[in-house]
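First the structure, in the form of C-alpha cells, and then the observations on it.
Bear in mind that the values in this text are calculations on the coordinates, not laboratory data. Small disclaimer: the values here were computed from a predicted structure and weren't measured. Because the Cβ atoms are built from the backbone with ideal geometry, glycine has one as well, and the counts that use them run over all protein chains shown.
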Amino acid sequence: MRVKLYRDILEANDIVAAQTRRLLDEKGIFCLNLIGSPGSGKTTLLELTVEHLLAEGRLHPAVIEGDIATTRDAERIEAKGATAVQINTEGGCHLDAGMMRAALEELPLNGTDVIFVENVGNLICPADFDLGEHAKVIVYSVAEGDDKPLKYPLAFRRAAVVVISKMDLLPHVTFDLAKVKAEIATINPELLVFPLSARTGEGLGPWFEWVCARADT
Ligand code: MG
Ligand code: ZN
C-alpha cells in the first residue's frame, strides 16, 4: 500500500509541475533544478552563474533556494545582486511542485529570463519530484568519490546535465573522471558533463555558454 501511496503523491505532483512548466513557457522563462549532495557546491555554482549573467546584463536570473532550515543560501545569492526566494522544508528532504508554485508567486516573473532552483541536498528523492523545470542539473563533486552514478542511477537518468565540481581537488582524491564519464554514459548517453572548478574558474565557460544558449531558445 505504501508503494501505491507514493505513486499517488508523485502523480498529484506531476499535475502541478506540468501547470508550472506551461506558465514558465508562456513567460519565456528557462528553469533549471539543481540537485546534489550537501557540500557538492550547488550554491557556489549558482553564485558564480548569477554573477556571470548579471555582468553580461542580457538574461535576468532569479533563484529559488530549498533547504531544511536557514536563509543562508538565499542571502548568499542576494549578496550577488540577484532576486532569491528561500523555501524552508522544515525537515522535508526534497522540494515538490506545490512548494515551487508558491515560491514562483514571490518572484517578478515578467522581468525574469532564467530561474535556478537549488533543491534540498541529496541525490535520492529530488530525482523523483518534477518541479516544472526544463532540466535537472546534478552537481557532483570529485570529493564524493567516483562510484556515485551507478549508486544513484535514477538521478543520473533523469538529469540533462552533470556538473563535476571541485576539479581543483582532483590530485587529492580518488576520482577517475574517465571511469565516471563511461559509467554515466551507460546510464544516460544524452547526459552532458561539465567538469569545472569554482575556485580556479577552470571549465566555467562551457557551463555558462550552455545555460545562456538554452535560455535563449
Ligand atoms: Mg546550498
Ligand atoms: Zn525527499
Net charge contributed by nearby residues that have their C-beta within less than 9 Å of Ile77 (K/R +1, D/E -1): -4
Centre separation in Å (Cα based) which lies between the range 161-217 and the range 50-125: 21 Å
29 Å Cα cut-off, lysine pairs counted over the chain (separation 8 or more, or different chains): 28
MRE, 222 nm, helices only [DSSP H, n ≥ 4, -39500 (n - 2.57), over the chain, to nearest 500]: -13000 deg cm²/dmol
Global form of the range 2-216, assessed from the alpha-carbon gyration tensor, a/c cut-off 1.5: oblate
For Val85, distant residues with modelled amide H under 5 Å away: Val63, Ile64, Glu65
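Shape verdict for the range 81-166, please, from the Cα gyration tensor: rounded (a/c under 1.5), prolate (a/b greater than b/c) or oblate.
prolate
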The range 95-217 shape via C-alpha gyration tensor axes, a/c threshold 1.5: prolate
